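Below: the structure, in structure tokens.
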Amino acid sequence: MNKYHGLLRTIHWLMFVLFAIIFVYGVVMIEFKECCEPWGMYDFHKATGVLVFLLVLIRLVVRKKTTIPPHPDYVTPIQHYVAQTVVHLLYLLMIIVPISGYALSNVHGHHVSFYGLELPMLFPESPEWEGITSSLHYYLTYSFLGVFALHMIGVIKHHIDNKDILSRIT
């Protein structure tokens, strides 16, 4: 069975864990924003968002420079098309969601730091854009979760059908 490059496999699972952590932190931050001011959680959430953004860029370069294993013979053309569409949407959202989060922080007048290293303000502070960037980040995040769910449904379907597709990425 052909496998993805080892670095791609490592980044894939690392990003899975990081996205899970970021999502949980995001939900908790929003839930407790009014009562507890969880600013340290915001810093960790934003720094980890930057890390995920950097990892997806590295992942795209490694993916471009390495051989991607062919889909197994049992994957039908329509399944291949759906899988490729889902993967492309995941990559797009893995880029856009962190950018929307960075914009959200900046338009609210907050810097983004990368685990203590303050990053530049890439978007101007703009009270009139606060609601737009908040909604954008929120809905893009849940769109990402929806596309991720489609990805998981495909993996589970192949597992139930006794197709060993997961071994390509493990």
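Quick grid of which residues meet (1) farther than 30 Å from HIS110 by Cα; (2) more than 18 Å from the chain's Cα centre (by Cα); (3) among the aliphatic types (A, V, I, L, M):
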residue	(1), (2), (3)
LEU8	yes, no, yes
TYR25	no, no, no
CYS35	no, yes, no
HIS45	no, no, no
GLY49	no, no, no
VAL56	no, no, yes
LEU60	no, no, yes
ARG63	yes, no, no
HIS71	yes, yes, no
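Is it the case, given these coordinates, that GLY131 is modelled with pLDDT of 95 or more and assigned to a helix (DSSP H, G or I)? Against the criterion (modelled with pLDDT of 95 or more and assigned to a helix (DSSP H, G or I)), GLY131 qualifies.
Conditions (1) of a type in the set (Ser, Thr, Tyr); (2) at pLDDT 95 or above; (3) in contact with a Gly (Cβ under 8 Å, 6 or more places away or on another chain); (4) open to solvent by 60 Å² or more (accessible area, probe 1.4 Å), marked per residue:
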{"site": "LYS3", "(1), (2), (3), (4)": "no, no, no, yes"}
{"site": "THR10", "(1), (2), (3), (4)": "yes, yes, no, yes"}
{"site": "TRP13", "(1), (2), (3), (4)": "no, yes, no, yes"}
{"site": "CYS36", "(1), (2), (3), (4)": "no, no, no, yes"}
{"site": "ILE58", "(1), (2), (3), (4)": "no, yes, no, yes"}
{"site": "THR85", "(1), (2), (3), (4)": "yes, yes, no, no"}
{"site": "MET94", "(1), (2), (3), (4)": "no, yes, no, no"}
{"site": "ILE99", "(1), (2), (3), (4)": "no, yes, no, yes"}
{"site": "VAL107", "(1), (2), (3), (4)": "no, yes, no, no"}
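Counting just the residues of segment 109-159 that are among the hydroxyl-bearing types (Ser, Thr, Tyr) and closer than 22 Å to ALA83 by Cβ, which one comes out surrounded by the most Cβ atoms within 10 Å (Cβ to Cβ)?
Quick first cut of segment 109-159, residues among the hydroxyl-bearing types (Ser, Thr, Tyr) only: 113, 115, 126, 133-135, 138-139, 141-143.
Cutting the leftovers down to closer than 22 Å to ALA83 by Cβ gives us 142-143.
Working: TYR142: 12, SER143: 15.
Per the criteria, the residue is SER143.
The values are calculated or read from the model by the stated rules, or taken from the named source; none is laboratory data. Owing to the predicted nature of the structure, the values given are computational and were not obtained by experimental measurement. Quick reminder, even Gly has a Cβ in these numbers, built from the backbone with ideal geometry, and neighbours come from all protein chains shown. Accessible surface areas use protein heavy atoms only, side chains included; no ligands, DNA or RNA. Shrake-Rupley method; radii C 1.70, N 1.55, O 1.52, S 1.80 Å.
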